[in-house]
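Each reported figure results from applying straightforward, stated rules to the coordinates on display, with no laboratory input. The model shown is predicted, which means the values in this text are computed figures rather than measured ones. Neighbour counts are summed over all protein chains in view; Cβ atoms, including those assigned to glycine, are modelled from backbone coordinates with ideal geometry.
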Amino acid sequence: MKSPAGSLGTDRRRLALAAGLFIGAIICANGASAATPAPIPVDDHSFGCITKMKPVRGFYVGNLLGHVSDTLKVARSPTGGVYPPGSVVQLVPTEVMVKQPKGFNAGTRDWEYFELDVSKSGTKIAKRGFAEVVNRFGGNCFACHVKAQPQWDSICETGHGCDPIPLTPAMLGALQRTDPRCPGADKVSDADAAALKALAELTKPKPATPAATH
């Protein structure tokens, strides 16, 4: 038969073990939370008419958390900066970048990339991810943006270090103005029609080269 003192010692050890496990669980939970911050929710309804966003040197920006002025401050800065969480950056209607909270994905500087299907009825997210999203022109989004100099926070513009894209300013402007989600997008100017025709030729699949015969 155990003495009262022995039983008391056993009970204390059990309480100490339980307390240790409880504290450890709290520490682990807090550590996991810090390592992987909760993502900003993004769905089909997060995106709309591109030209209703704020224009900056040929591209458009917004912020899903409502902090548009903070996003604009970085976008307009001549020396760059880090975009705040929730920032949305868009060059053409079918592609968009969203800034997730700091620490969400260090490899992409916390940017999440999206490929969109757009129509008069709205937006459908076709692809989303970080280093694996490929756009309608066959280019990997991350592979392009990762070349931007650090101060530009993965935003590609002339002089930022990214490879040039084959689309002209006229083509980009035509794509923006004919976003089917925007009112009046079906009224296409002659200049935009010509730019879109040139773009269609540019993106037309090249005929296969016949195999050499011997």
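Scanning the stretch 51-92 for residues that are assigned to a strand (DSSP E or B) and either of a type in the set (Asp, Glu) or under 24 Å from Pro183 (Cβ atoms) (or both) returns Lys54, Pro55, Val56, Phe59, Tyr60, Val61, Gly62, Asn63, Val88, Val89, Gln90.
Rundown of residues vs (1) in contact (Cβ under 8 Å) with a residue 60 or more places away in the chain; (2) surrounded by fewer than 18 Cβ atoms within 10 Å (Cβ to Cβ); (3) of a type outside the set (Lys, Arg), yes/no style:
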{"site": "Gly48", "(1), (2), (3)": "yes, yes, yes"}
{"site": "Lys54", "(1), (2), (3)": "no, yes, no"}
{"site": "Val61", "(1), (2), (3)": "no, no, yes"}
{"site": "Leu72", "(1), (2), (3)": "no, yes, yes"}
{"site": "Arg76", "(1), (2), (3)": "no, yes, no"}
{"site": "Tyr83", "(1), (2), (3)": "yes, no, yes"}
{"site": "Gly86", "(1), (2), (3)": "no, no, yes"}
